[in-house]
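Step one of this worksheet: look at the structure below.
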Amino acid sequence: MNQKRIILDTDPGIDDSLAILLALASPEITLEGLSVVHGNSSTEQGTNNALSVLELAQASHVPVYKGCELPLVQPSLLAPETHGEQGIGYAKLSAPQTKPQVQKGSDFLINSIMSKPGEITLVAIGPLTNIALAIRQEPRIVENVKEVFIMGGAIRHEGNTTPLAEFNTFVDPHAAHIVFHSGMPITLTPLDVTYDCIFLKDDLNRLLKIDSPITKFISDATRFYMEFHDEYQKIDGCVINDPMTLALTLMPEICDYQELYVDVDISTGVGLGNTFADFYNYEKKTPNMKVALGVRPRVFMELFIERMEKLAKSLS
Ligand code: BDR
Ligand code: CA
């Protein structure tokens, strides 16, 4: 099997944790490491969560690198109302035995990409601060990364953090601006497709037929996330954006795509962090990314649930 060498840049985070588990449950993926960024939780808390989730899945061999603590320009914005005070909902994981690596997240990104030119797939599921820093530190990573999958933005969809902006692009719009215009080969997974992919209570009940620390973690974490979605957005279930983005590296046919020129608003008005696409090519600019705009939600959900079942069985 042709292994995909993947780095997850992540702010764990409930759905980030599910993306970590999906990567570990996928035989096609070699998880090279995790770089952690501020976002759903502080970088410190997110790093601990990443280490604990890896320990839960008996995967402490995967190295974790602490990344940037703050957005490039904006003040810090964390999301305890969405992900809980510790970032993993009602789940309680024991404090990690393992420690993060000494190297900083952005250095890890640069070293991995430059030492394996054309081989690393970057999956960015948090604010883009680490990636933007890495690009500024070593611009040659742009030509040397294989591909970049980004969870972020709301193209035609309403925002989930402001009326116009999605969380990851709102938290660090300047970083998103650097990455979007860097020339990296980007596939964007915006809310337009992730909000069609709802993890239902029935899906959770199916997983809970397996008695395992993995299914217990998924249940305790997503129960909080479901309550948030119900209270704030009247959604029955929860939207698991991040594993959906990772799934596209395995099964691109889950989505339909359009090559588009996409920008992000970094002016200081109500549109801050808003992402928009030039569908009619008014600006005559070359597309800077492939954007997922159509999705087969249950194809993704089956893949996710089957792999969680397999992981849970193998560890129980
Ligand atoms: C994104 O923001 C976070 O809440 C999630 O982890 C996801 O990466 C969705 O807007
Ligand atoms: Ca995330």
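Please verify whether Ala95 is small (Gly, Ala, Ser), touching a helix residue (DSSP H, G or I) at 6+ places or on another chain (Cβ under 9 Å) and buried (at least 17 other Cβ atoms within 10 Å of the Cβ), treating the condition exactly as stated. Spelling it out, it is not the case that Ala95 is small (Gly, Ala, Ser), touching a helix residue (DSSP H, G or I) at 6+ places or on another chain (Cβ under 9 Å) and buried (at least 17 other Cβ atoms within 10 Å of the Cβ). For the range 54-96, a residue qualifies if it is acidic (Asp, Glu), over 18 Å from Ala19 (Cα atoms) and part of a helix (DSSP H, G or I), and exactly one does: Glu81. Is the range 220-239 home to any residue that is within 14 Å of ligand 1 (Cβ to nearest atom), modelled with pLDDT of 95 or more and β-branched (Val, Ile, Thr)? Yes; the residues of the range 220-239 include at least one that is within 14 Å of ligand 1 (Cβ to nearest atom), modelled with pLDDT of 95 or more and β-branched (Val, Ile, Thr).
Okay, residues lined up against (1) within 15 Å of ligand 2 (Cβ to nearest atom); (2) surrounded by fewer than 24 Cβ atoms within 10 Å (Cβ to Cβ); (3) assigned to a loop (DSSP other than H, G, I, E, B); (4) free of Cβ contacts under 8 Å to residues at least 40 places away in the same chain:
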site: Arg5; (1), (2), (3), (4): no, yes, no, no
site: Ser17; (1), (2), (3), (4): yes, no, no, no
site: Ile20; (1), (2), (3), (4): yes, no, no, yes
site: Pro27; (1), (2), (3), (4): no, yes, yes, yes
site: Leu31; (1), (2), (3), (4): no, yes, no, yes
site: Ser35; (1), (2), (3), (4): yes, no, no, no
site: Asn40; (1), (2), (3), (4): yes, no, yes, no
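Scanning the range 230-247 for residues that are more than 15 Å from ligand 2 (Cβ to nearest atom) and either part of a helix (DSSP H, G or I) or over 24 Å from Lys92 (Cα atoms) (or both) yields Asp230, Glu231, Tyr232, Gln233, Lys234, Ile235.
Set side by side, the residues Val148, Val193, Val142 differ, and just one is in contact (Cβ under 8 Å) with a residue 60 or more places away in the chain and closer than 30 Å to Val73 by Cβ, which is Val193.
The values are calculated or read from the model by the stated rules, or taken from the named source; none is laboratory data. Quick caveat: nothing in here was measured; it's all calculated off a predicted structure. Note: ideal-geometry Cβ built from the backbone for every residue, glycine included; neighbour counts use all protein chains shown.
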